[in-house]
Amino acid sequence: MLRRTVTVTAAVLAVILGVQAGAQAAPTPGSPGAGDVYYPEYGNGGYDVAHYDIRLRYHPATDRLTGTTTILASATQDLSRFNLDFALATQSVRVNNRAATFTKQGDHELVVTPARPVARGAPLTIVVEYDDIPSTVVAAGFTSWNRTPDGALAVNEPEIAWWWYPSNDHPTDKAGFDVSILVPTGVEAISNGTPTRWAVPAFGGWDRWSWRQDKPQATYLTFLAIGDFDTYQDTSADGSPIVTAYNTRLDAATAAAARTSVERSDEITDWLAGLVGPYPFGARGGVVTGAGDQGFALETQTRPVYDGRSFIRGSNNSLVVHELAHQWFGDSVSVGQWKDIWLNEGFASYAQWLWSEEQGEGTAAEIADYVYSTVYPVDDPFWQVLPGDPGPERLFDGAVYDRGALTVHHLRELVGDEDFFAILRAWTDTRRYGDGTTPEFQALAERISGVDLDAFLQEWLYTPGRPDRGVSTLSVPAEPKSWPKIVAAHH
Ligand SMILES: [Zn+2]
């Protein structure tokens, strides 16, 4: 009510004084969402984040997390108020060196009102202090913070940041990150990017671990793995630090199998770079959790996190290929809308088909035939899920992966190998550290190939039922040797 009166007064005043209305418009609240059609309240409007500095203290015995996160942002409008996405109990918020008022709206929106409005283009320095037991905090009906027998994992998609740092939680607002955490001596705390402090004794019984990500990173791709890990450090040929970590609860055979795959991350990254263009980040590696700790692998930036269960039956290089392919498709070039998820999963899955071909375990074409005609017969409900618009409940449906990869393969058949790989390299080059949507991908692919892809993408991404591949399916293709490993990589 009060705000509306003020707005009218300002507008009237502007007219009386003959001032341009735009220059004198009263500051307004930033939008509570970033405009995502699947998740309207994820992310926020009114500001753009450049950097997060996250300083934490965590004790595995109590699951108590205390933290101070400093956000460097700039206002993109004259801002009276703005939202952060955050679920933990908050002690204080300061904006540009003044105490701000704040209230929780729903279970994951923190509404912040600065003491003074912030002008468009002006710096916005936000300091949030918090203290909570994250495993007890429910937001949107679940808890993504995952307490394990020896620590905790903050690894999930799309929702994870809410349980450990306040943010503008949408892949379209990327930022640099410094993550620094105190844990009891003997506990490891692994995150993204370059380690800048490795278990440095801080005070009686506590060590500090610090990590720096200087390339733009989406909030959901920022992770923490805290617990008892065997760690390895090396340096890549390009000078990047390689950090790998394996939970000590893994049995010896599983730990060995995990190492035979994850220790090849550097080599596999270089192989992918040869196909799709330069590796976009300055650090490498991987983390393997205890078996069953999280139940999936995630392409957390520079350092994917794998569930130890993925290596119980032996090495799984195909899974490593999938998560490392995401470093280009998903991490460096992120989804502009969550409904574009096939741009992540279809391409990461297709990289596994290319790896299979490289290893002599079945060509991409053989896998495409097998998936199309044998894995999913024409009457399989699989064909009813639309990879280009699966809906938030089916964001990680098998169709997003397998029909997504089939779509990629069909594109390759339509445009030919030369244009196909040129499209992949142009996509990862022109949108590096940014994001993209399906229409933007289509426009680029059409420009490079000169082929009208409208009918093809409409049928493969947005039409229920099995698309026509224009091939005979009378013969039943044999199962490619790589198929069981490819299947095992699904989230
Ligand atoms: Zn994936």
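How big is the dipole moment of region 140-197 about its Cα centre under a simple scheme where the beta carbon of each Lys and Arg is +1, that of each Asp and Glu is -1, and everything else is neutral? Debye, nearest 20, please. The calculated dipole for region 140-197 is roughly 120 debye. Candidates Ser310, Gln294, Ala365 compared by Cα position along the dipole of the chain: farthest toward the positive end lies Gln294, with charges placed on Cβ.
Tell me the carbon and sulfur percent of the accessible area for region 334-421, rounded to whole percent, probe radius 1.4 Å. C and S fraction of accessible area: 44 percent.
Which number comes out as Rg/Rh for region 15-114 once both Rg and the Kirkwood Rh are worked out on C-alpha atoms?
Using only Cα positions, Rg/Rh for region 15-114 is 1.07.
Based on protein heavy atoms only, the chain ends up with 39 Å² per residue of surface accessible to a 1.4 Å probe. Ligands, DNA and RNA left out, the 1.4 Å accessible surface of region 199-260 is 51% carbon and sulfur atoms. Dipole size of the chain about its Cα centre, with +1 on Lys/Arg Cβ and -1 on Asp/Glu Cβ: approximately 1920 debye, rounded to the nearest 20.
Can you work out D for region 144-263 in µm² s⁻¹ from Stokes-Einstein, where Rh is the Kirkwood radius over C-alpha pairs, the temperature is 25 °C and the viscosity is 0.890 mPa s?
Details: Rh = 15.4 Å.
This corresponds to a translational diffusion coefficient of 159 µm²/s.
Remark: region 264-269, residue by residue, has Karplus-estimated 3J(HN,Hα) of 8, 4, 4, 5, 5, 4 Hz, where x stands for each Gly or Pro and the curve is 6.51 cos²θ - 1.76 cosθ + 1.60 at θ = phi - 60°. Computed over region 358-467, the P(r) curve from all C-alpha pair distances, binned at 10 Å from the origin, holds 13, 42, 36, 9, 0 percent per bin. Residue ranges 303-315, 166-178, 244-256 sort as 166-178, 303-315, 244-256 when ordered by packing (mean number of other C-beta atoms within 10 Å per residue, highest first).
Sort out for me the Cα centre separation of region 107-156 from region 234-279, rounded to whole Å. The distance from the Cα centre of region 107-156 to that of region 234-279 comes to 31 Å. A convex hull fitted around the alpha carbon atoms of region 85-141 yields 85 Å³ per residue.
Under the rule a/c < 1.5 gives rounded, and otherwise a/b versus b/c splits prolate from oblate, where does region 208-356 land using the Cα gyration tensor?
Values: a/c = 1.41, a/b = 1.27, b/c = 1.11.
Here region 208-356 falls in the rounded category.
Distance distribution note for region 303-345: the fraction of Cα pairs above 16 angstrom is 44%.
Can you tell me the orientation of helix 438-449 relative to the chain, as the angle in degrees between its alpha-carbon axis and the longest Cα principal axis, to the nearest 10? So the helix axis and the longest Cα principal axis differ by about 50 degrees.
How big is the dipole moment of region 355-437 about its Cα centre under a simple scheme where the beta carbon of each Lys and Arg is +1, that of each Asp and Glu is -1, and everything else is neutral? Debye, nearest 20, please.
On the way: 6 positive and 17 negative charges, 75 e Å.
Around 360 debye, computed over region 355-437.
Taking the highest mean first, how do the peptides 265-271, 356-362 order by number of other beta carbon atoms within 10 angstrom per residue? Please list the in-between numbers first.
On the way: 265-271: 18.7, 356-362: 16.4.
The packing order, highest mean first, is 265-271, 356-362.
Between the residues Gly450, Ala139, Val37, the greatest Cα displacement towards the positive end of the dipole of the chain, with unit charges on the Cβ of Lys, Arg, Asp and Glu, is found for Ala139.
Per residue, how big is the convex hull around the C-alpha atoms of the chain? Give it to me in cubic angstrom, could you?
160 Å³
Projecting the Cα atoms of Pro241, Trp206, Ile268 onto the dipole axis of region 203-272, where Lys and Arg carry +1 and Asp and Glu carry -1 at the beta carbon, places Trp206 farthest toward the positive end.
Run lengths n ≥ 4 of DSSP H only: what is the helix-derived mean residue ellipticity at 222 nm for the chain, with -39500 (n - 2.57) per run over all residues, to the nearest 500? Present the calculation step by step, with values, prior to reporting the outcome.
Details: 12 runs with 135 residues, N = 491.
Computed ellipticity for the chain at 222 nm equals -8500 deg cm²/dmol.
Going by average Cβ density within 10 Å per residue, which order do the peptides 414-422, 368-376 take, highest to lowest? Walk me through the numbers before you get to the answer.
On the way: 414-422: 14.9, 368-376: 19.9.
Packing proxy ranking, top to bottom: 368-376, 414-422.
Using bins of 5 Å that start at zero, the share of Cα-Cα pairs per bin across region 41-182 amounts to 2, 10, 20, 25, 21, 12, 6, 2, 1, 0, in whole %.
The values are calculated or read from the model by the stated rules, or taken from the named source; none is laboratory data. Everything numeric here is computed off the predicted structure, so don't read it as measured data. Note that each Cβ is placed from the backbone with ideal geometry, even for glycine, and that neighbours are counted across all protein chains shown. The accessibility values were calculated without ligands, DNA or RNA, using every heavy atom of the protein model including side chains. Shrake-Rupley method; radii C 1.70, N 1.55, O 1.52, S 1.80 Å.
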